[in-house]
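Only one structure is covered here, and it is reproduced in the block below.
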Amino acid sequence: MTTAGQIPRSALDAGAVNRGLRGRVAIAGAATYGCGESPGMDDMTLLVRAAHAAVADAGLTMQDIDGIATCSVSASMWAMPVVEHLGLNPSYVDGTMLGGSSFIAHLLPAIRALEAGQCKAVLVCYGSAQRSASFGRREMQAARRFLDPQPFEFPYEPVLPVTAYALAAARHMHEFGTTRTQLAEVAVAARAWAQRNPEAFRRDPLTVDDVLAARPIASPLGVLDCCLVTDGAGALVLVRADRARDLPQPPVHVLGTATAMWHRQISCMPVLTTTAAAQSGAQAFAMAGLRPADMDMAQLYDAFTINTLLFLEDLGFCAKGEGGPFVEGGAIAPGGRLAVNTNGGGLSCVHPGMYGIFALIEAVRQLRGQAGQRQLATHRTAVVHGNGGTLSSQSTAVLGTADAL
């Protein structure tokens, strides 16, 4: 079993092995739909509208799509009705479900399929009406006890997932002296970015004091340390880089990507303060031939404020235990040392059950120079990181413009 801090050399070498795929595939289309509240719509309606918007953004039609990558929290065979609703006849299908990291994890298999000639255009798509649906989070948690049993935890009836993340946060505070104020800085920075994003669900002012005074959920986390519950859909179109050059949008190249996981249940996590992002990040950067210092931005899966600290550490932006000091003083807010979650993230922009695809879409918009008021002046490279389960599955992607090739 892999343990934190003892990643096998073979696992790290995998990134270098994939170096030949660096930049061979690009994101040619991207779109969101219905982010926030979309009463009267279901998961499929939202997904279909985002999918059509992304395909149009790529300058293609649905008849050009011969690959599909999609998954859902609520349906194990989700790819089938998606194919049916979109009228596709795909030669490549990926329905892998790893939680919120899934859509970043879908990148590498899609790259391999495109490079092999199995398909010419892959649609990666997701939709969820989690906020508006009659079958909501509470019902899903009850169903999961039967469909996804966690024998070392469910008998104690924890309030998942927040209990698990609170456990990691408490351990980080104990081990490294991380403070609630430092966690609050993450939420405040996300809100500051959201205030520049008209698509963000929460744009009202937020201070550190507001976060600290918010209703407790699971110690040490309060309600403002926790992600939103929204509706929303997102979609991307992947094509080979040589084809992307002839399409309307500036291509965003996938320079590196990798996925790693060490556990399912938080009680089986080898070390509560180190995630498998340490492995997926190292592999993705090795494939890209780049370092964290080369990144112009980081789009990180911030289901809870502790996530951002853990991923900044595990991806190499700061040393283990230094995530708290790293984010102090607005360091990841607009004008700070590192632009993190420039759309407002899952804490303030959108979080319909799984956030990973929205992190990818924000990176695409930034790299294209299409992010409006929140647009970064320097935007050649981005790292995007997704998280699934209870700090379980970790997927990292390094994206870049043509200038970064």
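Tabulated results
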| quantity | calculated |
| --- | --- |
| Residues of region 194-242 that turn out to be of a type outside the set (Val, Ile, Thr), outside any loop (DSSP other than H, G, I, E, B) and under 24 Å from Ala54 (Cα atoms), as a count | 11 |
| Residue match in region 346-358 (condition: open to solvent by less than 10 Å² (accessible area, probe 1.4 Å), on the phi > 0 side of the Ramachandran plot and modelled with pLDDT of 95 or more) | no |
| Residues within region 37-96 that are outside any helix (DSSP H, G or I) and either open to solvent by less than 40 Å² (accessible area, probe 1.4 Å) or farther than 16 Å from Gln130 by Cα (or both), tallied | 27 |
| Subset of region 16-36 (residues that are surrounded by fewer than 18 Cβ atoms within 10 Å (Cβ to Cβ) and among the hydrophobic types (A, V, I, L, M, F, W, C)) | Ala16, Val17 |
| Any hit, region 268-291, residues being touching a Pro at 6+ places or on another chain (Cβ under 6 Å), without any contact (Cβ under 8 Å) to a residue 40 or more places away in the chain and either farther than 24 Å from Ala28 by Cβ or among the hydrophobic types (A, V, I, L, M, F, W, C) (or both) | no |
| Test result for Gly369, touching a residue at least 60 places away in the same chain (Cβ under 8 Å), more than 22 Å from Ala69 (Cα to Cα) and not charged (D, E, K, R) | yes |
| Test: Met295 is in contact with a Lys or Arg (Cβ under 6 Å, 6 or more places away or on another chain) and either more than 17 Å from Ser393 (Cα to Cα) or among the polar types (S, T, N, Q) (or both) | no |
| Residue within region 364-382 that is in contact with a Leu (Cβ under 6 Å, 6 or more places away or on another chain), within 30 Å of Cys268 (Cβ to Cβ) and open to solvent by less than 10 Å² (accessible area, probe 1.4 Å) present | no |
| Ile306 open to solvent by less than 10 Å² (accessible area, probe 1.4 Å), closer than 22 Å to Thr178 by Cα and outside any helix (DSSP H, G or I) | no |
| Residue check, Val73 in contact with a Leu (Cβ under 7 Å, 6 or more places away or on another chain), more than 20 Å from Glu362 (Cβ to Cβ) and hydrophobic (A, V, I, L, M, F, W, C) | no |
| First in region 315-343 and part of a loop (DSSP other than H, G, I, E, B), second anywhere and of a type in the set (Phe, Trp, Tyr) and open to solvent by 40 Å² or more (accessible area, probe 1.4 Å), Cβ under 8 Å, 6 or more apart | Lys320/Phe176; Gly321/Phe176; Glu322/Phe176 |
| Verdict on Gln63 being modelled with pLDDT under 95 and either over 18 Å from Val350 (Cβ atoms) or not charged (D, E, K, R) (or both) | no |
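To keep it simple, each residue is scored yes or no on (1) free of Cβ contacts under 8 Å to residues at least 12 places away in the same chain; (2) open to solvent by less than 10 Å² (accessible area, probe 1.4 Å); (3) closer than 28 Å to Leu360 by Cα; (4) not aliphatic (A, V, I, L, M).
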residue	(1), (2), (3), (4)
Ala113	no, yes, yes, no
Ala116	yes, no, yes, no
Ala129	no, yes, yes, no
Phe152	no, no, no, yes
Val162	no, no, yes, no
Tyr165	no, yes, yes, yes
Gly177	no, no, no, yes
Gln182	no, no, yes, yes
Ala190	no, yes, yes, no
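Conditions (1) open to solvent by 10 Å² or more (accessible area, probe 1.4 Å); (2) modelled with pLDDT under 95; (3) under 20 Å from the mean Cα position of the chain (by Cα), marked per residue:
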position: Asp225; (1), (2), (3): no, no, yes
position: Leu228; (1), (2), (3): yes, no, yes
position: Ala233; (1), (2), (3): no, no, yes
position: Leu236; (1), (2), (3): no, no, yes
position: Val239; (1), (2), (3): no, no, no
position: His253; (1), (2), (3): no, no, yes
position: Gly256; (1), (2), (3): no, no, yes
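The values are calculated or read from the model by the stated rules, or taken from the named source; none is laboratory data. All values reported here derive from a predicted model rather than from experimental measurement. Cβ sites come from the backbone with ideal geometry, for glycine too, and all protein chains shown count toward neighbours. With ligands, DNA and RNA removed, areas are computed over all heavy atoms of the protein, side chains included. Shrake-Rupley method; radii C 1.70, N 1.55, O 1.52, S 1.80 Å.
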